[in-house]
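Presented below is the structure to which this report refers.
The values are calculated or read from the model by the stated rules, or taken from the named source; none is laboratory data. For clarity, every value in this text was computed on a predicted model and none was experimentally measured. All Cβ positions, glycine included, derive from the backbone under ideal geometry; neighbour counts span all protein chains shown.
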Amino acid sequence: MAANISTSQNAANGKPNPWQGAGAAEFDLRSDTMTKPTVSMLEAITHTTLLDDVFNEDPVTNSLQEYVAERTKQESGLLVMSGTMGNQVAIRTHLVQPPYSVLCDHRSHILQYEAGGVSAWTGATVYGVIPKNGIYLTLEDLQKRAVLDNDDHYCPTRLISLENTLDGMVMPLSEARRIVQWAHANGIKVHLDGARLWEAVVSGAGSLSDYASLFDSVSLCFSKGLGAPIGSIIVGSKGFINRARWFRKSIGGGVRQAGVIAAAARVAVEETFGPGPNGEGGKLKETHVKAKKVADMWTSRGGKLQNPVETNMVWLDLEASGLGPNDLAAIGEQKGLRLMGGRIVIHYQVSDEAIARLEQVFDAALSGKFERSADQSRPYGMKA
């Protein structure tokens, strides 16, 4: 396996070892999915068990599921291949008998970036709700759109899907608690797309179990921010997870030797998020510090922000600065950086050198001398 190739062997055969060091990841600020597996992750893969997870027989996979369930104070967990799979399996498991509708934030991943999966797979009507405060949904926002009565003109609300973080912004624990308590009192299930819940926790908003234990189901991503090469997990009650296995299987999510995925994911949680309930001992806190530095670099030069910087994402208002959607990426390319639109995502492998180069990009972009590219119609990439 490539993880066993030593640096000296690479030097001898003249081939670079893509497994060693952060490599290009340190200069890629498009997403926190751009991290590369660490040496400890790759070593864990080489020592993993290789039994069949479809038969529930793989010890490393079972241990990971139990470990994350315990840390989130949920009863059970289920390994899935991606955050999208986790959300879709969880939502399908909750929606039992139509008619039903789902409420979520109008910017949410399940509505905007999962290929219409909720409607396609469940037939549910999905309503995107605009938060009045512009940052996160409140109970009052959802109450205005929820359908609780039996008027057959309307599609009853059966599920609320929240997202934390959303565009790098944190939903406060107190608001999440209010929403869940009200929803449960009205017979509505609540799912949390917690792909980046790790970031909310590290920001000090509440512990992992404080948040995750509130919900009927939670999806957590191992490859966004934590650096594992693949994988997410959903947690919930034992009955929920047992039923979710059917739906995971139905879309090809049953994996045989899943230990190669679970082993790296376990390292990602323990080392990148950290052993403490609030991410103490992990690597994410520094990404928040760097993100705030990036925001200050931009605003000190007269740039404006689209969103407050609360975790590891910086959203630049390019239009307000007279820039097109691809301009920053074009300048960044000249500096050896990979950028995408106005979203800057800091992951734990982004280097100080990358931040220094980004400062040069900002200087060029906001100097008034940059000539916009002729083609501004080309999309600048997908959100992940």
Tally, over the range 102-154, of residues that are assigned to a helix (DSSP H, G or I) and aliphatic (A, V, I, L, M): 6
Scan the range 101-116 residue by residue and report those that are more than 10 Å from Ser161 (Cβ to Cβ) and crowded, with 19+ Cβ neighbours inside 10 Å. Ser101, Glu114
Please work out which one of (1) buried (at least 20 other Cβ atoms within 10 Å of the Cβ); (2) hydroxyl-bearing (Ser, Thr, Tyr); (3) under 21 Å from the mean Cα position of the chain (by Cα) is the condition Thr48 fails and give its number. (3)
Among what's in the range 54-70 and is polar (S, T, N, Q) and in a helix (DSSP H, G or I), pick the residue that is surrounded by the fewest Cβ atoms within 10 Å (Cβ to Cβ). Ser63
Residues of the range 216-241 being part of a helix (DSSP H, G or I) and in contact with a Ser or Thr (Cβ under 8 Å, 6 or more places away or on another chain), which ones? Lys238, Phe240, Ile241
Looking for something more than 30 Å from Leu29 (Cα to Cα), of a type in the set (A, V, I, L, M, F, W, C) and buried (at least 20 other Cβ atoms within 10 Å of the Cβ) - is there at least one such residue anywhere in the range 222-237? no
When you look at Tyr211, is it in a loop (DSSP other than H, G, I, E, B) and either touching a helix residue (DSSP H, G or I) at 6+ places or on another chain (Cβ under 8 Å) or not β-branched (Val, Ile, Thr) (or both), yes or no? no
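Specify which of the listed residues (Arg145, Arg71, Arg92, Arg158) is among the basic types (Lys, Arg) and under 19 Å from the mean Cα position of the chain (by Cα).
Arg71
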Per the filter on the range 275-309, residues free of Cβ contacts under 8 Å to residues at least 40 places away in the same chain and either assigned to a helix (DSSP H, G or I) or in contact with a helix residue (DSSP H, G or I) (Cβ under 8 Å, 6 or more places away or on another chain) (or both) are Val289, Lys292, Ala295, Asp296, Thr299, Lys304, Leu305
For Arg266, which of the numbered conditions (1) among the charged types (D, E, K, R); (2) in contact (Cβ under 8 Å) with a residue 24 or more places away in the chain; (3) under 25 Å from Met171 (Cα atoms) fails to hold? (3)
Need the failing condition index for Gly253 against (1) modelled with pLDDT under 95; (2) touching a strand residue (DSSP E or B) at 6+ places or on another chain (Cβ under 9 Å); (3) more than 22 Å from Ala384 (Cα to Cα), just the number. (3)
